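Derivation of every value follows stated rules applied to the coordinates shown; laboratory data play no part. Everything numeric in this text was worked out from a predicted model, so none of it was measured. Using ideal geometry, Cβ is built from the backbone for each residue, glycine included, and neighbour counts are taken over all protein chains shown.
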Amino acid sequence: MDYSVLQKDLDLFLEQTEKMQRQRKWQMLFNVLKCKVMHLGYKNHGYSYYIDGKQLDTVEEEKDLRIIITKDLKVSQQCKQAYAKASRMLGLINRSIKHKDRDILLSLYKSLVRPHLECCIPAWSPHYVNCKG
């Protein structure tokens, strides 16, 4: 039941975008190849959906605006990625700086490491405490 309703909505959406394009109200084409489906929930049957006769790709995770969304809606991938980037930056600082003055290291940490750890915090904090994976 829900499958047919969603497919009907997709068909209607495509019809409306084509209509707007013909009326020159939109000057941007809709790219069906960039559309994807993520099936959420354990009871989801995983139906295939189509736009303009093309089957939409099914994905397990997707990254949008630097936030990783997974089909189980857990944030562990986001945390692992942030942790890995911060670790790489710490390694870079350690390899590059000969004179390890406290003020210099603190300044480098605040500007190069901490932004990776704080990136997208509103998307997952405080729901995931152990961000090392």
Q: Report, ordered by chain and residue number, the lysines lying within cross-link reach of residue 110, taken as a straight Cα distance under 19 Å and ignoring same-chain residues fewer than 8 apart.
A: 85, 98, 100
Q. If you place +1 on the Cβ of every Lys and Arg, -1 on the Cβ of every Asp and Glu, and leave all else neutral, what size is the dipole of the chain about its Cα centre, to the nearest 20 Debye?
A. 760
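If we count every other residue with Cβ under 15 angstrom of residue 25's Cβ, Lys/Arg +1 and Asp/Glu -1, where does the sum land?
Details: positive: 19, 22, 24; negative: 15, 18.
Local net charge: +1.
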Q: For an R0 of 41 angstrom, estimate the FRET efficiency from the Cβ-Cβ distance between residue 37 and residue 97 and round to the nearest 0.05.
A: 0.30
Q: Considering the options 96, 79, 6, tell which one lies farthest towards the positive end of the dipole of the chain, charges being +1 on Lys and Arg and -1 on Asp and Glu at the Cβ, about the Cα centre.
A: 96
Q | Relative contact order (percent, whole number), the chain, Cα cutoff 8 Å, 6+ residue spacing | A | 20
Q | P(r) of the chain over all Cα-Cα pairs, binned every 5 Å from zero, in whole percent | A | 2, 9, 13, 13, 12, 11, 10, 9, 7, 6, 4, 3, 1, 0
**Q.** Greater than 18 Å apart at Cα, pairs in 36/63; 43/80; 8/43; 36/71
**A.** 43/80; 8/43
(Q) Can you tell me, using C-alpha contacts under 8 Å and at least 6 residues apart, the relative contact order of the range 1-73 as a whole percent? (A) 28
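If you count, for each residue, the other Cβ atoms within 10 Å and average over each peptide, how do 54-62, 111-119 line up from highest to lowest? Don't skip to the end; give the middle numbers.
Numbers: 54-62: 12.6, 111-119: 14.2.
Listed from highest to lowest mean packing, they are 111-119, 54-62.
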(Q) Between helix 76-96 and the chain, what is the angle of the helix's C-alpha long axis to the longest principal axis, kept within 0 to 90° and rounded to the nearest 10? (A) 40
